[in-house]
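Everything below concerns the one structure shown next.
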Amino acid sequence: MSAHLPALGRRALLLGLGAAIALPQARVAFADAPGEARFAVVLLRGGLDGLFAVQPYAEASFGELRGPLALPEPGQEGGLLDLGGRFGLHPGMANTHAMYAANQALIVHAVAGNWRTRSHFDAQDLLESGADQRLGSGWLNRALGALPRRPGAQNTGLAVGTDLPLLMRGQTPVGTYAPRGMGAPAPDLLARVAELHAADPVTGPAIAEGLRARGYAATTLGDDARARPQPGGAFRALAMAAGRLMAQPDGPRIAAFELSGWDTHAQQVNRLNGPLFQLDEGLGALKEALGEHWRRTAVLVVTEFGRTVRVNGTAGTDHGTGGVAFLLGGAVAGGRVAGDWPGLAERNLFQNRDLAPTTDLRSLAKGLLRDHLKLPPQAVARAFPGSEAAAPAGGLVMG
């Protein structure tokens, strides 16, 4: 990695309050925090189908509602990984399941933010800003501003890549560094691609929607996303590098990842296998790289919204409401599926189409800020203004 940073010394990178490394379809930004606690947020851009990643296979109507998206039950060939007899984890998430078995993964179902929009752009902005309207700063940046400075740490930041997520933008300084040859496609090129596919009934709408979703990569429509990727993909490499930096005594303590490719309007079974495997590989690599510091780590994995309960006409799902969140790490009080499960009976669906949300994403984030990073109540409130209705969730971390 140092070969790509000719103008920066190793110590300058490690001491930075923030850093970001961008790889295809994945980014990470770092920040500093006092003490030994590590905290990471993983943003899944595009709207992960929580009912596919964590399937309530014991629900009487699940198979009928989900059709080809209902995977074999635990114990069957290609079946789900059991989560206690009621829910099952996607079989491509073996690392996450091992964390669950070690009481280091807490899965919260029927989760949503405080918005009911089905627009990627709007939902992602609200998710990252942590407020009822889009702000110029993100909730994680505002939380960082409340943390006392760690001895020896610089009061500046570094972002390696072409962009910094809104989640990490704000008054807490975060600089940028773009590796040579790394640039965003010109808007004209993206417009031409959309125009060329506009008449295609399948790829046309998918590309148009992808371009509207900030951070969504249109390349996930190709064959690469349908195949099971080999170990060592971009997100795994990114997570491994991030974990090694966070493990350093003078390294950053906070990381924010981005991983796109979750907008699955068509052929969802094939298109989600790859991203789920990549996510799981990255989470496993992060744990490996952190080593002994994993026991002081909490990772929050979130997405802007869930997807419809029923399958659409192209074997995919559309933008929905309730989804799933993952909390992982040695500091997490895991080994369970949490949340108030609303069920999938028609009378219980939100607007007769979506999994009804029963847990506010802000409550999970606020609980981690309070109990893991030890932020005082006023700092948590500043990170999530106007969120009095969403009390910090308790019991998310050990001790």
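Report the gain in length on full extension from Asn103 to Ala391: 0.36 nm times residue separation, minus Cα-Cα distance, nm rounded to one decimal. Display every interim value, and only then the final one.
Details: separation 288, 0.36 × 288 = 103.68 nm, distance 2.43 nm.
Stretched fully, the Asn103-Ala391 segment lengthens by 101.3 nm.
Mean sequence separation of contacting Cα pairs (under 8 Å, at least six apart), scaled by the length of region 273-380, corresponds to a relative contact order of 23 percent. Only residues of region 335-378 count here: report those whose backbone N is under 17 Å from the spot 7 Å along Cα→Cβ of Asn312, or say none. From region 335-378, the list is 352-355. D by Stokes-Einstein for region 47-90, Kirkwood Rh over Cα pairs, 10 °C, 1.306 mPa s: 155 µm²/s. At an R0 of 45 angstrom, the distance between the Cβ atoms of Ala94 and Ala345 translates into a FRET efficiency of 0.90. Given R0 = 25 Å, the distance between the Cβ atoms of Val269 and Arg116 translates into a calculated FRET efficiency of 0.35.
None of the figures in this text is laboratory data; all of them are computed from the coordinates on show. Because the structure is predicted, anything quoted here is derived from the model rather than measured. So basically every Cβ, Gly included, is an ideal-geometry build from the backbone, and we count neighbours across all protein chains shown.
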